[in-house]
Amino acid sequence: MEIDNSITRAAAEWNLRVTNIRRDIQIAGSPERCELRFVIECDDKATYLLESVFDTDIYNKLKIISCLNYLSGKGLPAVNSYVCDNKNEYIVDCDDRFWQLSPYVEGAALCRPEYVFDKWRGGVMADFLIELRKKSKEIPCFNSLTPFSVKDYIYKLISQIKAHDPDVLSRIRPVISFLENRFMKIHDSLPVSFCHGDFHPLNIIWSKDSIRAVIDWEFMGIKPRIYDAANMVGCIGIEDPEGLTGGMACDFIAALKETGLISGISRELFPEFVIALRFAWLSEWLRHKDREMIELETVYMNLLTDNSDMLENAWKL
């Protein structure tokens, strides 16, 4: 096939000869992050992930590569850096496509939704976020940028929903009212730091007892400090709401409280922030016109809102 020839020619830009294209391997992470992706075995006896990226994403991809190199250089564990070619370039133009290459990281599959009750995962995920905060304090490229505002994002999405999906708006009005009671008023006072931006268990490549790699950094940036933690907890609950008060979630939150990542106003607003970030997921389902997930998400957002006091007690906030 022509695509196989393109893969071979692209790999040659890194002086690699492809011996096998492993289409039998299910690749972790979102397939939407690139145009095409393949696991390839090469004559150096190593296995790689070769991705064709959209030309409109090149700037952001290079920014991600730079940040991962920085974090890796600072000793952040679980960073899978990209490979440069012999011209010291990370994105290669070949056959009218733009390619990037990274070592392929094999992982242990998550058993969904049962994994949300694996207590040990909470501690290792907390450890990663604690180290990320330490290692990213002077990360380049972000000093002059305005931090991402969840509040502004929500209000923009609400205006879009009002115009195109009024039925959805009616179902989330209690959630909006709840957030406007306190969260929206003091959101801008939340401390910020560099965040992964899409941190949750499915964006982690796992071993049997630890994290091998954290992937899909496309939404990285300066955000409220609790962004990654709140996103992770919210994703546990959408898998199984019972997981919100299980050992994995509670140990995760406890470790972040102990080190100060969840503290002060961030601690006070943590349940609200978990709810607020579900608007980003709702936006995703709306974009895909996934009516089943839209319905599930609106139910979940109201469930979180109705049980916020209970969750605050369970998380000892």
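Laboratory data are not the source of any read-out in this text; all were calculated from the coordinates shown. Small disclaimer: the values here were computed from a predicted structure and weren't measured. Methodologically, a virtual Cβ is constructed for each residue, glycine included, from the backbone with ideal geometry; neighbour enumeration extends over all protein chains shown.
Structure above, values below:
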quantity: Neighbourhood charge, 14 Å Cβ-Cβ cut-off, centred on Asp198 and excluding it, Lys, Arg +1 and Asp, Glu -1; calculated: -2
quantity: Added length on full extension, which subtracts the Cα-Cα distance from 0.36 nm per residue, Ala12 to Ser149; calculated: 45.0 nm
quantity: The stretch 166-245 shape via C-alpha gyration tensor axes, a/c threshold 1.5; calculated: oblate
quantity: Cα gyration tensor, the stretch 2-103 - rounded (a/c under 1.5), prolate or oblate; calculated: rounded
quantity: Dipole-positive endmost among Cys141, Phe128, Phe219 within the stretch 114-314 (Cβ charges, Cα centre); calculated: Cys141
quantity: Residues Asp96 and Ser72, FRET efficiency given R0 of 35 Å [Cβ-Cβ distance, rounded to 0.05]; calculated: 0.70
quantity: Mean-position separation - Cα centroids, the stretch 70-106 and the stretch 144-170, in angstrom; calculated: 34 Å
quantity: Computed E for Ser159/Asp290 - FRET, C-beta separation, R0 22 angstrom, nearest 0.05; calculated: 0.60
quantity: Förster radius 25 Å - calculated FRET efficiency between Thr259 and Ser177, Cβ distance, rounded to 0.05; calculated: 0.15
quantity: Shape call, the stretch 176-317: gyration tensor on alpha carbons, a/c limit 1.5; calculated: rounded
quantity: Relative contact order computed over the stretch 2-103 (Cα-Cα under 8 Å; 6+ residues apart), in percent; calculated: 28 percent
quantity: Cα long-axis angle, helix 166-181 against the chain (0 to 90 degrees, to the nearest 10); calculated: 70 degrees
quantity: Scattering curve values for the chain, log₁₀ I(q)/I(0), Debye with Cα scatterers, q = 0.09, 0.12, 0.15, 0.16 Å⁻¹; calculated: -0.50, -0.88, -1.28, -1.40
quantity: Cross-link partners of Lys185 among aspartates and glutamates (Cα-Cα below 14 Å; sequence separation of 8 or more within a chain); calculated: Asp152, Glu268, Glu272
